[in-house]
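The values are calculated or read from the model by the stated rules, or taken from the named source; none is laboratory data. A quick note: this is a predicted structure, and the numbers were derived from the prediction, not measured. Reconstructed Cβ throughout: ideal geometry from the backbone, glycine too, with neighbour counts over all protein chains shown.
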């Protein structure tokens, strides 16, 4: 159960008049800062210098993400998240979101009540969906199962090759695990034609005891672009398919008999589903302070939550 007390929630603090900037983290005591799934702080800073980052944190220009590094830009009447702004009867908000999975919904809240929802995952795509970069998530791990009490560490090394397309970016989703100087989670030899992945998976000391890591590829190409995997560890094998095979369905590749580890290639995510941009308008009276913030939920369950913008009384 833990200390889940509703009066310790963010919404309660905001309702009590507290002005809080949001970040995300964990108290699971594993001690792996930045590990996937354990919460991250996002900061809207002018640059990456210590001075700029600290200035942005002090101004509450921050938001939190649970795992995937969702890009969230929320402004009200042109002001960044975290600011307190003078009263205005008319308010216009602008939201831009770019996720690393399909966006289930983006919500705008005013004084803890949802006033608008946007549903990118419901958009219908057509042949033009290939005109923009797509996302392809490759997960690996899944074993050994907890019920079988097999706490082994599995080493991974595989190469990803893109033919007839371009690898634009690779996003790591590497969890915590038993620390060992010889074992590293690395993306190596990245070029426009592919990359190599060196990693390891284990249930021991993993977040939520989930022995799974992943990389997300951002690709430009078309339905005939081919992706190939050449796996060296834990079991040598090769695999190749066109991207069209992943337009609607996933693929599971087993490294051996049960309960051996496996690889799962998730369905493609098109830009219409992982990106959105919209505006909203609101009109409010002068009798109280209003605060607005944005929540983002991806279909894979990962979240982003912005710091509020407060509109003062007149």
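Key figures for this structure:
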{"quantity": "Given (1) surrounded by 14 or more Cβ atoms within 10 Å (Cβ to Cβ); (2) within 27 Å of the chain's Cα centre (by Cα); (3) not in a loop (DSSP other than H, G, I, E, B), index of the condition residue 282 fails", "calculated": "(2)"}
{"quantity": "Members of the stretch 254-272 found to be within 22 Å of the chain's Cα centre (by Cα) and assigned to a strand (DSSP E or B), listed by number", "calculated": "263, 264, 265, 269"}
{"quantity": "Any hit, the stretch 170-178, residues being more than 21 Å from the chain's Cα centre (by Cα) and in the same structural domain as residue 239 (by TED's automatic domain parsing)", "calculated": "yes"}
{"quantity": "Residue check for residue 109: under 16 Å from residue 309 (Cβ atoms), exposed (fewer than 14 other Cβ atoms within 10 Å of the Cβ) and in contact (Cβ under 8 Å) with a residue 60 or more places away in the chain", "calculated": "no"}
{"quantity": "Residue check, residue 296 more than 30 Å from residue 95 (Cα to Cα), in contact with a strand residue (DSSP E or B) (Cβ under 9 Å, 6 or more places away or on another chain) and assigned to a strand (DSSP E or B)", "calculated": "no"}
